[in-house]
Every structure is written in C-alpha cells, then in structure tokens.
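Here is the structure we will look at, set down as structure tokens.
A short reminder: the numbers here are calculations on the coordinates, not readings from a lab. The shown structure was predicted, so the numbers you read here are calculated from the model rather than taken from an experiment. Note: ideal-geometry Cβ built from the backbone for every residue, glycine included; neighbour counts use all protein chains shown.
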Amino acid sequence: MKLSKIIQNTKYNELINFEDIEITGISYNSKTVEKGNLFVCLKGEHTDGHDYANMAFKNGAAAFLTQKKLDINAPQIVVSSTRNTIADVSAAFYSYPSKELKMIGVTGTNGKTTITHLIQRIFEDAGKKCAIIGTLGYKISVKDTYHDAKHTTPQAPELQKTLRKMADENIDCVAMEVSSHALDQNRVGCCYFDGAVFTNLTQDHLDYHITMNNYFEAKAKLFRSLENGGFAVINADDEYAKKFTETVPEGVKIFTYGINKDADIMAKNIDFSIHGAKFDCIIHRVKKAVTLQMNGMFSVYNALAALTAGLASGIEEDICIKALEETKSVDGRFEIVNKKPLVIVDYAHTPDGLQNVLKAARELTPDSSSLICLFGCGGDRDATKRPQMGKIADDLSDVVVVTSDNPRSEDPQLIISDILAGIKSVNTHRIFVEPDRRTAISMLKNIAKEGDVVVLAGKGHEDYQILKDKTIHFDDREEARKVFC
C-alpha cells in the first residue's frame, strides 16, 4: 500500500523527505522489521523506539512514524504521539477490518476469557462464524486451536492483521478481551465495536494505573467508543456499574445482568455441586432453568454476561442457554485435574479472583474435610495486592501453601514476605512456605487427604514460569497430576 494512503487520515505535525513509496507492513520492533516496512518509534515504559530507528533502517525499514526528526535519509511522518497514531496507520494498512466484523469487546478485571469463549459458542450455535482474541491467543472457531497473540489484547499492527485475516475468512463476529493496558495505550484505536461487556472492577494493575480511578477511566474508553445502534452489557451488582452506565453514549442500548440487584437478566435459586451450577435464569421476568458444567458464583456471572450479550445481539434465548449448558470450563479456569482429593487449577491472580475461587471451592468442601490453597504473586507487578491475597487465603482456607508465581526479576523470598504480611499468624500446622513451586505442589501429597479440596491458584492455563534469568516450562496441571494421579 502507498504511504500516502496509509497516512491520509493521520494528523501529523511535519513530513520529512516524503516520497509516496510502497509500504509492505507496519513494525515497531527493529529486530523483526522487514524490508519496506513503516517503522513506528514507540516510546514505552522501559525503552524508546527512537533509539532503535537506525537499526530498523539498516534492517530494511523504508519510512518512519516518529515524534521527532531522525538523522535518517528516509520518509518521516512526525506526530505528537506514536503511541496514539500506531493504531491509525495499522488499521489503514489493513483497510479497517473491524468495520467488516461484528465486534464485541469484553473488559473488566476477571472473567474476560471465559465470557469470550461463551459468546463464541453462543454465536456458533446460532449459525454464525465467531472468532475470539484474548489471553489464550486467538481462535477462528470453537474447533480451531489457539494461535499465540503475545498479549491479552495484541499491539495494533498484530491486532489489525489478525482482524484482517478474520474478515477475509468471512468471520461474522469477534469476541475480544480488551485489557486496560490496551485501552490506555490505544492498541484498539480504530476498532469499531458493536457491543461492550463489563464484568467487574477490582484491584489489579495498580503498578501501571496507580489509582483505581485511572484503572476505571482506561476501561471506560471501550464504552465511550460505542456508536449509535450499539449495545452495552453491564454487571449491575458491581460497585462501578453506575459509573460505567454513565459513560455510555446516547443511542447505545444498555442491558444489565446480576444476581443481587434488579437487572434485565438475573440468576436466582443458585445451587452448586461437583458437577457444576444450577440456577433459575430470569429473562425480563420470565424464568428458565439453567444447568452449567462450570462451577462457582463467578461462573454464574460469566454465563449471565455472555447470555446477555447474545440476547443483545438478537440471538434466541433458547439457543443461548443451550450453548451455555453444553460448554465445559475453559482451560485453567476452575479446571478439575483430580477428584480424590479434589484438585482445582485456576488462573485467579487478583484479590477478588482468589476470593471468588476459594468461595466456590468451599461450596464443594465436605464439612469434615479441609480447603487447601496454594498460591503466589507475580514479580514486577502490583505489590500492594500481595498482603491482601495473603489475608484472603488465610481467612477462607484451612491450609495455605505460599509459593512463587512468575517471580521475574524480584527475589521470591521478598514476594513471599509481602504475602505473609497479610496472614494473621504463621501457624506451622496450617501455613506452609516453599518458594519452589514444583516442590510446593509435591508437598501437597502429604498435606491433602482424600476428601479435601485443593486449589492451585495463579497460573491456570500457563505452561511456563518466568524466573530472573530464564523462562522454564511449568504447568500446574501437569505437576498436580504427577503428584495425585
């Protein structure tokens, strides 16, 4: 595509050495740039792409999107913010693929992955081709395997390239996890969403956003971007529900779901067992019985969110409910890997997430048995949630095993010390500490009895452990099976 076409809708400050050359792609990594690419000099938290422009030029970059003049004899488009503009040029290069797709964005602290998978199943059962993009990667269909997407919401060039692939394959709908980082960094700029779903807002990523209000404002961008004729699905029970409702533009229809507060779609008479959750679904005052194969109150909320999105999209309620009932749990989300003792692997890595999964596990714990929680907290991430998670594990579990979870550049012992600060007393009969996660899981063989319930929290679907100097293969599910199966 010609450079002039790529930047025709871009607000730029200056053009330097401009030639209307053919551009082969959009890149922001000097190591992977290809010949003929437009190189975007991104300023990140730790690096500045302007420092790598010469390397990108040597590696084949033909033009540059930059915030300042570069000492390079090549076309340069100078803009106020490359971070904001990368989405514009990426969408233009791939001919605005989101306009050819029904786009449903799902945002919130917890539940995004499961909800997108449920929406995909609902649409496919309704005869529509639905793709998903999120934490596990992207999938063109329910039967497709995951393709790595690097981030929950990919950077704009990868995202627009993926959406173009989906549009070219005649996909009808895309259910996409939209992270707060992606919204704040404008990775989803020039994505035209038909609908948005809000799950919940609890503490996470404050190492990046600093305050909960900043975190909210990032999430709210998705709802503010909705256009006339679109829809917003909001969790009425969440304390931020009213604030999100107030961000929705006129002409966008609002649908609510919940359990405790009056909403358009509600769940009542909820019952849990090892087989899943049963409840009465109230859809605009009409009652329908629902039986899920997924467990926990959070699963009920996730099902309600997906159901509401399906109804908002015009899909018949019987099709929506049948799709929910036939869906098994998503990888690493309250995934049962052993039955005696009952061993559950879950991605819960926030205070709210850990609280929800432990409450759900308690529902399955016999009165005469113990609930055992093994977890850690990630390094180089929000440290303020560590003592909170320690307190939650201490309050809701009978036995706690504190270990590591992607310590990254931090000392695992210091992370564990932060967690232990939230635990009332380190009773050696019920509080165990082992920094090596593999060893910690193996210890459970001597701790857990046949009727106990064990929760391995934090890593879920992940099959790696990020250490200071390397990344190793590590999967909680594999380790648990070695110990108990």
The summed charge of the residue 146 Cβ neighbourhood (under 11 Å; Lys/Arg +1, Asp/Glu -1) stands at -2
Dipole axis of the chain (+1 Lys, Arg; -1 Asp, Glu on Cβ), positive-most option in 397, 218, 134
134
Cysteines without a disulfide-compatible neighbour (Cβ-Cβ under 4.7 Å), the chain
41, 190, 191, 281, 320, 373, 377, 485
What list of ³J(HN,Hα) couplings, whole Hz, do you get for the range 228-240 from phi and the Karplus terms 6.51, -1.76, 1.60, once you set θ to phi - 60° and write x for glycine and proline?
3, x, x, 9, 10, 10, 10, 6, 5, 7, 6, 5, 9
Can you pull the Kirkwood radius for the range 97-326, inverse mean 1/r over Cα pairs, to one decimal in Å?
17.5 Å
On a C-alpha basis, how far is the centre of the range 199-274 from the centre of the range 335-392 in Å? Whole number, if you could?
24 Å
Note, ³J(HN,Hα) from phi for the range 421-428, Karplus 6.51, -1.76, 1.60, rounded to Hz, x at Gly and Pro:
4, x, 9, 4, 8, 7, 6, 5
If you take the beta carbon distance between residue 447 and residue 425 as r and set R0 to 25 Å, what does 1/(1 + (r/R0)^6) give as a FRET efficiency, to the nearest 0.05?
0.85
Roughly speaking, what is the stretch gain from residue 478 to residue 224, that is 0.36 nm per residue apart minus the C-alpha to C-alpha distance, in nm to one decimal?
87.2 nm
Subset of 11/253; 268/359; 339/482; 129/253 violating a 20 Å alpha-carbon distance limit
11/253; 129/253
When the helices in the chain are scored as -39500 (n - 2.57) per DSSP H run of 4 or longer and the sum is shared across all residues, what 222 nm value do you end up with, to the nearest 500 deg cm²/dmol?
-9500 deg cm²/dmol
Quick one: Karplus J couplings for the range 265-271, per residue in order, coefficients 6.51, -1.76, 1.60, θ = phi - 60°, nearest Hz, x for Gly and Pro?
10, 9, 10, 9, 6, 7, 9
What order do you get for 90-99, 433-442 when each peptide is scored by the mean count of other beta carbon atoms within 10 Å, highest first?
90-99, 433-442
Could you work out how far helix 297-312 tilts from the main Cα principal axis of the chain, as a 0 to 90 degree angle to the nearest 10?
40 degrees
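For the chain, with only Lys/Arg (+1) and Asp/Glu (-1) charged at the beta-carbon, what is the dipole magnitude about the Cα centre, in debye rounded to 20?
240 debye
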What net charge do the residues around residue 30 carry, taking every other residue with its C-beta under 10 Å from that of residue 30, with Lys and Arg at +1 and Asp and Glu at -1?
+1
Acute angle (nearest 10 degrees) that the helix 156-168 long axis makes with the longest principal axis of the chain, alpha-carbon atoms
90 degrees
Summing +1 per Lys or Arg and -1 per Asp or Glu among the other residues with Cβ less than 12 Å from residue 318's Cβ gives -2
For the range 46-128: lysine pairs with Cα atoms under 26 Å, gap of 8 or more or different chains, count?
7
Out of residues 5 or more away from residue 233 or on other chains, whose amide H comes under 5 Å of its own, with H placed 1.01 Å from N in the peptide plane?
196, 197, 198, 255
Between the helical axis of 351-363 and the dominant principal axis of the chain, each derived from Cα atoms, what acute angle in degrees is found, rounded to the nearest 10?
30 degrees
Can you list the aspartates and glutamates whose alpha carbon sits under 16 Å from that of residue 261, skipping same-chain ones fewer than 8 residues off?
237, 238, 239, 280
What would the Debye equation give as log₁₀ I(q)/I(0) for the range 344-396 at q = 0.15, 0.17, 0.22 Å⁻¹, counting only Cα atoms as equal point scatterers?
-0.41, -0.51, -0.80
